[in-house]
1. Got at least one residue in the range 46-55 being touching a Gly at 6+ places or on another chain (Cβ under 9 Å), modelled with pLDDT of 90 or more and surrounded by 11 or more Cβ atoms within 10 Å (Cβ to Cβ)?
2. For the range 71-89, state whether one or more residues are surrounded by 11 or more Cβ atoms within 10 Å (Cβ to Cβ), closer than 30 Å to Lys149 by Cβ and not aliphatic (A, V, I, L, M).
3. From the residues in the range 112-133 that are exposed (fewer than 10 other Cβ atoms within 10 Å of the Cβ) and at pLDDT 85 or above, which one is farthest from the chain's Cα centre (by Cα)?
4. Could you go through the range 38-53 and let me know if any residue there is part of a loop (DSSP other than H, G, I, E, B), more than 30 Å from Lys179 (Cβ to Cβ) and among the charged types (D, E, K, R).
5. Looking at the range 1-30, which of its residues are surrounded by fewer than 10 Cβ atoms within 10 Å (Cβ to Cβ), under 16 Å from Ile164 (Cβ atoms) and polar (S, T, N, Q)?
6. Among the residues that make up the range 28-36, is at least one of them among the polar types (S, T, N, Q), in contact with a strand residue (DSSP E or B) (Cβ under 9 Å, 6 or more places away or on another chain) and over 30 Å from Pro150 (Cβ atoms)?
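The values are calculated or read from the model by the stated rules, or taken from the named source; none is laboratory data. All values derive from a computational prediction rather than experimental measurement. Positions of Cβ are generated from backbone atoms using ideal geometry, with glycine treated the same way; all protein chains shown enter the neighbour counts.
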Amino acid sequence: MLRITKNDALIGINITPLKMNISQPKADFEMRQKPARVIIKSEPLQIKIDQSQAFNEAGLKDNAAFSEDMVARSKQAAAEGLSRIVSEGNSMAAIESGGNAIAEIAAANSIQIFDWNIDFIPKSKPVIDFIGGNIDISVDEGYVDIKTKPNKPIIDVEVGSVDIFLRQKPDIKVEYLGKEVDEIV
């Protein structure tokens, strides 16, 4: 009798897993800023009120206006006086018309006639001028300058491995268990 024993081949596998570590450093960041500014320049407002014409009409004249008024009155009084003197001279020269010219002239010069009237002063409005009051606004816009530099990730890898080995070799054993051998097959 024959006994056959067989052992199959056994394969062994050792696996060392892959190890990976990833870290991401923060980006390098730089920022420069110039703040915006508003610049306001202003000139104060001045009000100029000229009431000289109204004061002149009320009789409160300055020296120049008073001199001009007196010159005009003097010229008018001189012209009226000259006209009166010529008229009186003509009436005295016309003796042929009769009458007493000297008495009539004396009577006319002795009576003064005043013209009274009511008036409201001043008639002119004051002249009002506005000077200055300018506002100049300028803007310095400023800026923001941002620079970023991203950093690459840091990757650490421990390479894994797969080891395959023959744990048991294949084997076939054939044994004869009997005492006799039969040669006839």
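1. No, that holds for no residue.
2. No: zero hits.
3. Per the criteria, the residue is Lys125.
4. Within the range 38-53 (the criterion being part of a loop (DSSP other than H, G, I, E, B), more than 30 Å from Lys179 (Cβ to Cβ) and among the charged types (D, E, K, R)), the answer is yes, since at least one residue qualifies.
5. Asn14
6. no
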